[in-house]
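A quick write-up on the structure given underneath.
The values are calculated or read from the model by the stated rules, or taken from the named source; none is laboratory data. A quick note: this is a predicted structure, and the numbers were derived from the prediction, not measured. For neighbour counting, all protein chains shown are included, and Cβ atoms are generated from backbone atoms with ideal geometry for every residue, glycine included. SASA here: full protein model, heavy atoms, side chains in, ligands and nucleic acids out. Shrake-Rupley method; radii C 1.70, N 1.55, O 1.52, S 1.80 Å.
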Amino acid sequence: MQGSSMAANSSIPTPIYSDLRLNLRSFNPLFMNFRILPPLKLSSRRNFSIKNAVSDQKLQDTISMLLDITVNFDTGFYAAVLVTGPENSFAPDPESVAASIKYHAEFTPSFSPAQFELPKAFFATAESVRDMLIINWNVTYELYQKTNVKQAYYLSMEFLQGRALLNAIGNLELTGAYAEALRKLGYNLEAVAEQEPDPALGNGGLGRLASCFLDSLATLNYPAWGYGLRYKYGLFKQTITKDGQEEVAENWLEMGNPWEIVRNDVSYPVKFYGKVITRPDGTKEWAGGEDIKAVAYDVPIPGYKTKTTINLRLWSTKVPSELFDLRAFNAGEHAKAFEAMTNAEKICYILYPGDETLEGKTLRLKQQYTLCSASLQDIIAHFEKRSGHPVNWEEFPEKVAVQMNDTHPTLCIPELIRILMDVKGIVAQSLSFSDLSSRTVAYTNHTVLPEALEKWSLELIETLLPRHVEIIKLIDEELINTIIAEYGIKDLGLLQEKLKQMRIIDNIELPASVLELLVKPQNGSIMTPTVEDEAPSKNEPLEEKESSEALEEPVELKDETEVLSVDQKQQPDFKPDPNLPKAIRMANLCVVGGHAVNGVAEIHSEIVKNDVFNDFYQLWPEKFQNKTNGVTPRRWIRFCNPALSKIITKWTGSDDWILKTEKLAVLKKFADNLELQSEWREAKRINKLKVADFLKEKTGYLVNPDAMFDVQVKRIHEYKRQLLNILGIVYRYKKMKEMTSEERAVRYVPRVCIFGGKAFSTYVQAKRIVKFITDVAATVNNDSEIGDLLKVVFVPDYNVSVAEVLIPGSELSQHISTAGMEASGTSNMKFAMNGCMLIGTLDGANVEIREEVGEDNFFLFGVEAHEVAGLRKERAEGKFVPDPRFEEVKEFVRSGVFGTYNYDVLMGSLEGNEGYGRADYFLVGKDFPSYIECQEKVDEAYRDQKKWTRMSILNTASSYKFSSDRTIHQYARDIWGIEPAILP
């Protein structure tokens, strides 16, 4: 049984340095300036002091100089606090840091001992930093164990972390010490940091948001962990060739990851397929099938100016070695020999494997279930460990908060119920929405796109996870009863519509208990309610209403060919449509099975309430909240933009703004100060020079740092409208070509237009857009007539590290999605924080950014969200009249000026009135005129550098709302119910 394995094969992790012999044999010089002390009394258990156990006096004296360790053998933990005197602060000098780096280069080597080159320097440096993180990590965990605080667990399929070295030493306030230490060793800190590959654990805003949240959780001392999957090959590494985007596997783990620690003692069984067995006592057991093992890899997440270091636990999948079929291998059947191992390991190969085949769909579902099952088993193990015996399961929601980041972790809901019901035996078969699961789990919605609201084939889930489908059907039946209790059975048309929109399992028969209320058993006719009918009370069980009291006798049909009356024809039959698939709607399950649903920007949350989940909002308005996204100011100003950070600190009077971003508002009163404006422009130029060097290195293109740097970096998608941007550039280029050089210089501000982002490997239209951008770049950048007046650059393999270069040097950033289609966005916040002007629609967080920075400091264009549906209808009716400038630019593209590639399909998507891939669904043509006119206003503003700099200062000064610290405080207060746990 899965539950017994869970208990046998898992344990609470022990500290990495609990091996005393290692500590005695090799001392890290970094620890010469602190002692390790027991800040938490763990009762009067037997303690052991290393100094007292060593007989050699010289060694004992050495240990006395270095450290004082107290080990508690009963728990397997040691408690530690970093100290160098009365203030309990640890600040090693460059000499001890350098000695620590050399120590790791020699004693924990990943490279040959002959040389000390940059890759080796990075690993040794990272391992030196990790030593300090582990100490704080262990103490943080010990605090949670001892105080048994309520803890939040953030489950996400993506964590787009970025490089960790500079962030870690920055949070530890050791940047100066490490820079000097590496200089003594012959290296530059930035050059060493660049050796670190970006962890390939995410793709876009979803994963970057999750990582910002972890940084804020640690910084604000909230008890929390993150859970994800350890993808071996990530999404893909993007290369740009003459054919456009090509994909190769990521290699981020090729040389190992110095930040992660495998927890071989923390693993859990995960089952697929099999069958459900009913035991003699009526309880259920999921038996047989395919079993794999999820193994924990832990990554420390340090907070800023705090000892709190929380955990990101990533799961990797495998099977025991005995499942390698040695007989088949020796018989030459190598693929068969590896089959079980391959099936397990491939679950964590790729982020978002292609799902156009049954195999791809199955693999994605396995990924999602692995994340949910392993994480929940681990969470429950923590709860049981902290609770002692006997475990009071009623306290589970008071100690555990599970946040589902989008619909990918939806299976948490039935999995938690399965474990509690089948494994722990504490939940009855009759479920209600106030049970342990629904009070524990909450859901963040990240999309309003219908195709992104996941639906899974019922047949597929039933095959792969048979017990979970049984549980989902119970939840679905409970939901149906709740809907009937709310709306009654007088208006069967209304009831049918509510069930159609709200049911978790789409297009299946109603449960028999419900059909009894609506259908006469003898012939299946729909009952017609009388005027006196009353809806069942919410507080009255449905079965207590006898159908004879509530309903008239149905009208019976003499035979199947009898002509029905008009009223009878209008009665719904509640039968599934045999032509439509049966599916489980994951978003509906999230809403029903959780206690809170939040959007990620004010406009998005309103769309969620009034459109996407309106039926649920009418039923449970108290569930719905807004939590506008945020980004960490540590990574996204302090560490990636030191030149600007120095200026902010000078003019606000301290560096308190890093933790209290509301202090950025102080800059507003200096926005017209000429000295500040001069310093501000100089900082921007420093960053632009870095961007210019970076573009030359990555693409070979030379750009003028005095031109405006105009940037759009985000996942390539039609709704994000990179196509609108590049068509605007094409229009600009065409008009330039029609002018003399003198006219161009007067009319246009020099621009470098920078794109970055990945198109999903099977998203053909998005890949056409990438190809189009690169073709335009090849033509424009080699046009000697245009020269530096216009350059177009597509940066390959956009990731966090690329963003950390581009964002500080950007002057205009494009956030131009079709109104109402972007949930929030977070890159817009990063650009605004760094003093970059935004051009955009009233979509996502743009709305709130514009409110904060002021209408005069945001370049607005385009239709609004409430207009979109009407405009699409107008288009379908053939009433849309395109602007002549839009027709002109499409004709120019088709002329062949950008090469021989046939762009008819791409341009055709913007034409016609209906049909798949036609009719300009994302309103590029509608918004094109206002877009190019808005770009003219951008040029005009940029010519006045004093005005532009003032706008830039006000963007930074007004961006304080968009710190993820604010967002996390709101989640902690309104959804999770957790309090800070501060280390002494």
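Determine, yes or no, whether S930 is polar (S, T, N, Q), over 36 Å from the mean Cα position of the chain (by Cα) and open to solvent by 20 Å² or more (accessible area, probe 1.4 Å).
Values: polar (S, T, N, Q): yes; over 36 Å from the mean Cα position of the chain (by Cα): no; open to solvent by 20 Å² or more (accessible area, probe 1.4 Å): yes.
Judged against the criteria, S930 is not a match.
With respect to R768, is the statement that it is in a helix (DSSP H, G or I), more than 30 Å from Y916 (Cβ to Cβ) and not assigned by the TED database to the domain that holds G234 true?
Numbers: in a helix (DSSP H, G or I): yes; more than 30 Å from Y916 (Cβ to Cβ): no; not assigned by the TED database to the domain that holds G234: yes.
No; evaluated as a whole, the condition is false for this residue.
Kindly check whether there is at least one residue in segment 628-649 that is open to solvent by 30 Å² or more (accessible area, probe 1.4 Å), over 30 Å from A485 (Cα atoms) and among the polar types (S, T, N, Q).
Checked against the condition, which is being open to solvent by 30 Å² or more (accessible area, probe 1.4 Å), over 30 Å from A485 (Cα atoms) and among the polar types (S, T, N, Q), segment 628-649 yields at least one hit.
If a residue has to be open to solvent by less than 30 Å² (accessible area, probe 1.4 Å), part of a loop (DSSP other than H, G, I, E, B) and among the hydrophobic types (A, V, I, L, M, F, W, C) to count, how many in segment 173-206 make the cut?
The number of residues fulfilling the criteria is 3.
Taking segment 335-351, which residues are among the aliphatic types (A, V, I, L, M) and farther than 13 Å from V319 by Cβ?
Scanning segment 335-351 gives A335, I350, L351.
Out of T342, T317, which single residue is touching a residue at least 24 places away in the same chain (Cβ under 8 Å), assigned by the TED database to the domain that holds L165 and among the hydroxyl-bearing types (S, T, Y)?
Only one candidate qualifies: T317.
Any residue in segment 735-755 that's assigned by the TED database to the domain that holds Q712 and among the hydroxyl-bearing types (S, T, Y): show its pairings with residues that are in a helix (DSSP H, G or I) and crowded, with 19+ Cβ neighbours inside 10 Å at Cβ separation under 9 Å, as long as the two are six or more apart or on different chains.
S741/L789; Y748/R732; Y748/M736; Y748/L789
Considering F886, F892, which residue is over 19 Å from R751 (Cβ atoms), assigned to a helix (DSSP H, G or I) and of a type in the set (F, W, Y)?
Working: F892 fails: over 19 Å from R751 (Cβ atoms).
Answer to the check: F886.
Can you list the helices (runs of 4 or more DSSP H) found entirely within segment 577-626 that contain at least 1 residues being β-branched (V, I, T), crowded, with 17+ Cβ neighbours inside 10 Å and without any contact (Cβ under 8 Å) to a residue 24 or more places away in the chain?
Details: elements: 586-593, 602-607, 614-619.
Where helices (runs of 4 or more DSSP H) fall fully within segment 577-626, none carries at least 1 residues being β-branched (V, I, T), crowded, with 17+ Cβ neighbours inside 10 Å and without any contact (Cβ under 8 Å) to a residue 24 or more places away in the chain.
Has segment 318-328 got any residue that is in a loop (DSSP other than H, G, I, E, B), closer than 24 Å to R418 by Cβ, of a type in the set (A, V, I, L, M, F, W, C) and open to solvent by 10 Å² or more (accessible area, probe 1.4 Å)? Don't jump to the end; show me each part of the working.
Let us first name the residues in segment 318-328 that are in a loop (DSSP other than H, G, I, E, B), namely 319-320, 324-325.
From what is left, the residues that are closer than 24 Å to R418 by Cβ are 319-320.
Retained after the next criterion (residues that are of a type in the set (A, V, I, L, M, F, W, C)): 319.
With the extra rule that they be open to solvent by 10 Å² or more (accessible area, probe 1.4 Å), the set shrinks to 319.
Yes; the residues of segment 318-328 include at least one that is in a loop (DSSP other than H, G, I, E, B), closer than 24 Å to R418 by Cβ, of a type in the set (A, V, I, L, M, F, W, C) and open to solvent by 10 Å² or more (accessible area, probe 1.4 Å).
Taking the options A643, A671, name whichever one is over 25 Å from the mean Cα position of the chain (by Cα), among the hydrophobic types (A, V, I, L, M, F, W, C) and assigned by the TED database to the domain that holds C753. Spell out how you get there, then give the answer.
Numbers: A643 fails: assigned by the TED database to the domain that holds C753.
Being over 25 Å from the mean Cα position of the chain (by Cα), among the hydrophobic types (A, V, I, L, M, F, W, C) and assigned by the TED database to the domain that holds C753 holds for just one of A643, A671, which is A671.
Can you tell me which of (1) buried (at least 24 other Cβ atoms within 10 Å of the Cβ); (2) under 15 Å from V592 (Cα atoms) is the one S373 doesn't meet?
Condition (2) is where S373 drops out.
What number of residues within segment 297-317 satisfy the criterion of being aromatic (F, W, Y), in a strand (DSSP E or B) and touching a Gly at 6+ places or on another chain (Cβ under 9 Å)?
Going through segment 297-317, the residues aromatic (F, W, Y) turn out to be 297, 304, 315.
Now restrict to residues that are in a strand (DSSP E or B): 297, 315.
Next, from what is left, pick out any that are touching a Gly at 6+ places or on another chain (Cβ under 9 Å): 315.
Residues flagged as aromatic (F, W, Y), in a strand (DSSP E or B) and touching a Gly at 6+ places or on another chain (Cβ under 9 Å) within segment 297-317 amount to 1.
For segment 103-145, how many residues meet the condition of being open to solvent by 40 Å² or more (accessible area, probe 1.4 Å), charged (D, E, K, R) and out of contact with any helix residue (DSSP H, G or I) (no Cβ under 9 Å at 6 or more places or on another chain)?
1
Out of curiosity, is S438 assigned by the TED database to the domain that holds V319, in contact with a helix residue (DSSP H, G or I) (Cβ under 8 Å, 6 or more places away or on another chain) and assigned to a helix (DSSP H, G or I)? I'd like the intermediate steps shown before the answer.
Values: assigned by the TED database to the domain that holds V319: no; in contact with a helix residue (DSSP H, G or I) (Cβ under 8 Å, 6 or more places away or on another chain): yes; assigned to a helix (DSSP H, G or I): yes.
Answer is no for this residue.
Being open to solvent by 10 Å² or more (accessible area, probe 1.4 Å), more than 18 Å from V938 (Cβ to Cβ) and modelled with pLDDT of 95 or more: is that true of E804 here? Please lay out each step first, then the result.
Details: open to solvent by 10 Å² or more (accessible area, probe 1.4 Å): yes; more than 18 Å from V938 (Cβ to Cβ): yes; modelled with pLDDT of 95 or more: yes.
Considered against the rule, which asks whether it is open to solvent by 10 Å² or more (accessible area, probe 1.4 Å), more than 18 Å from V938 (Cβ to Cβ) and modelled with pLDDT of 95 or more, E804 comes out as yes.
Over 32 Å from the mean Cα position of the chain (by Cα) and of a type in the set (D, E): does that describe E697? I'd like the intermediate steps shown before the answer.
On the way: over 32 Å from the mean Cα position of the chain (by Cα): no; of a type in the set (D, E): yes.
Here the answer is no, as E697 does not meet what is asked.
Taking I347 as meeting all but one of (1) part of a helix (DSSP H, G or I); (2) open to solvent by 10 Å² or more (accessible area, probe 1.4 Å); (3) in contact (Cβ under 8 Å) with a residue 12 or more places away in the chain, write down the number of the exception.
Just one mismatch for I347, condition (2).
Got at least one residue in segment 496-503 being more than 14 Å from K575 (Cβ to Cβ), modelled with pLDDT of 50 or more and either out of contact with any Phe, Trp or Tyr (no Cβ under 7 Å at 6 or more places or on another chain) or surrounded by fewer than 15 Cβ atoms within 10 Å (Cβ to Cβ) (or both)?
So the first thing to find is which residues in segment 496-503 are more than 14 Å from K575 (Cβ to Cβ), and the list is 497-498, 501-502.
Remaining after also requiring modelled with pLDDT of 50 or more: 497-498, 501-502.
Add one more test, that the residue is either out of contact with any Phe, Trp or Tyr (no Cβ under 7 Å at 6 or more places or on another chain) or surrounded by fewer than 15 Cβ atoms within 10 Å (Cβ to Cβ) (or both), and what stays is 497, 501.
Yes - at least one qualifying residue is present in segment 496-503.
So if I check each of E356, E398, which one is closer than 16 Å to K150 by Cα, surrounded by fewer than 17 Cβ atoms within 10 Å (Cβ to Cβ) and either touching a residue at least 40 places away in the same chain (Cβ under 8 Å) or in contact with a helix residue (DSSP H, G or I) (Cβ under 9 Å, 6 or more places away or on another chain) (or both)?
Values: E356 fails: closer than 16 Å to K150 by Cα.
Unique residue meeting the criteria: E398.
Kindly establish whether S387 is hydroxyl-bearing (S, T, Y) and crowded, with 16+ Cβ neighbours inside 10 Å. Outline the logic, then answer.
Numbers: hydroxyl-bearing (S, T, Y): yes; crowded, with 16+ Cβ neighbours inside 10 Å: no.
No: the conditions fail for S387.
In segment 768-777, is there at least one residue being of a type outside the set (S, T, N, Q), surrounded by fewer than 20 Cβ atoms within 10 Å (Cβ to Cβ) and more than 30 Å from A823 (Cα to Cα)?
No, the conditions are met nowhere in segment 768-777.
Condition check: buried (at least 23 other Cβ atoms within 10 Å of the Cβ) and either without any contact (Cβ under 8 Å) to a residue 24 or more places away in the chain or not assigned by the TED database to the domain that holds R715 (or both). Does N799 satisfy that? So that I can check it myself, show each step before the final result.
Numbers: buried (at least 23 other Cβ atoms within 10 Å of the Cβ): yes; either without any contact (Cβ under 8 Å) to a residue 24 or more places away in the chain or not assigned by the TED database to the domain that holds R715 (or both): no.
Criteria not met by N799.
Which condition number in (1) farther than 30 Å from I658 by Cα; (2) touching a Gly at 6+ places or on another chain (Cβ under 7 Å) is the one that K890 fails?
With (1) farther than 30 Å from I658 by Cα; (2) touching a Gly at 6+ places or on another chain (Cβ under 7 Å) applied to K890, the lone miss is (2).
Is it the case that segment 222-244 has a residue that's free of Cβ contacts under 8 Å to residues at least 24 places away in the same chain, farther than 26 Å from D406 by Cα and of a type in the set (A, V, I, L, M)?
No, the conditions are met nowhere in segment 222-244.
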